[in-house]
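The values are calculated or read from the model by the stated rules, or taken from the named source; none is laboratory data. What you are looking at is a predicted structure, and each value in this text was computed from that prediction instead of being measured. In this analysis, Cβ positions are derived from the backbone assuming ideal geometry, glycine residues included, and neighbour counts consider all displayed protein chains. When the accessible area is computed, the model is the full protein with side chains, heavy atoms only, and any ligands, DNA or RNA have been set aside. Shrake-Rupley method; radii C 1.70, N 1.55, O 1.52, S 1.80 Å.
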Amino acid sequence: MKKQFAVIGLGRFGGSICKSLVEEGMEVLAIDENEEKVNEFASLATQAVIADTTDEKALRGLGIRNFDHVIVAIGDNIQASILTTLMLVEMNVKHITVKAQNDYHEKVLNRLGADEIVHPERDIGIRIAHSVVSKNVLDY
Ligand code: ATP
């Protein structure tokens, strides 16, 4: 059976994860509270729904606990990201990946029990710096 993914937050980060998972042939439920974002992903994702994931009833109603892997890609609204993650942990979702906005956010997510925490802006910055340095070393 195909692995079932859910992506919460369809900004640049969540949106690109959603697209890539679909391209890899995965089943993806795309979730955002913003109707325009959901419409954008309606034809791409397996299913796209409008929901505020800080609303426990709404989250449970999506059957989120049955998904193999949930990715929380809410960035700016740290409170919403934390609350959503807390409820996913409480629902015993198998694997939870969360985008952290800063080090404090990351610390809280760790405490909550998120399985994987990503920090894309920071990580890509580090990677680019390494690549620039190694290119410069080769140039000398
Ligand atoms: P990115 O950096 O990935 O481009 P962004 O800056 O566009 O993200 P963010 O504030 O990080 O936007 O939020 C990402 C998405 O998460 C947005 O599309 C927003 O509507 C959605 N979102 C925020 N809060 C919630 C929530 N409580 N429930 C569902 N979706 C939410």
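Per-residue answers, yes or no, for (1) in contact with a helix residue (DSSP H, G or I) (Cβ under 6 Å, 6 or more places away or on another chain); (2) without any contact (Cβ under 8 Å) to a residue 12 or more places away in the chain; (3) not acidic (Asp, Glu):
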residue	(1), (2), (3)
26	no, no, yes
29	no, no, yes
39	no, yes, yes
59	yes, no, yes
77	no, yes, yes
89	yes, no, yes
103	no, yes, no
Does residue 9 satisfy being within 12 Å of the ligand (Cβ to nearest atom), out of contact with any Lys or Arg (no Cβ under 7 Å at 6 or more places or on another chain) and open to solvent by less than 80 Å² (accessible area, probe 1.4 Å)? yes
Just one of 92, 39 is surrounded by fewer than 18 Cβ atoms within 10 Å (Cβ to Cβ), out of contact with any Gly (no Cβ under 6 Å at 6 or more places or on another chain) and not in a helix (DSSP H, G or I); which is it? 92
Taking the stretch 42-75 only, how many residues are closer than 26 Å to residue 122 by Cβ and either assigned to a loop (DSSP other than H, G, I, E, B) or aromatic (Phe, Trp, Tyr) (or both)? 5
Does residue 31 satisfy being within 15 Å of the ligand (Cβ to nearest atom), open to solvent by less than 80 Å² (accessible area, probe 1.4 Å) and part of a loop (DSSP other than H, G, I, E, B)? no
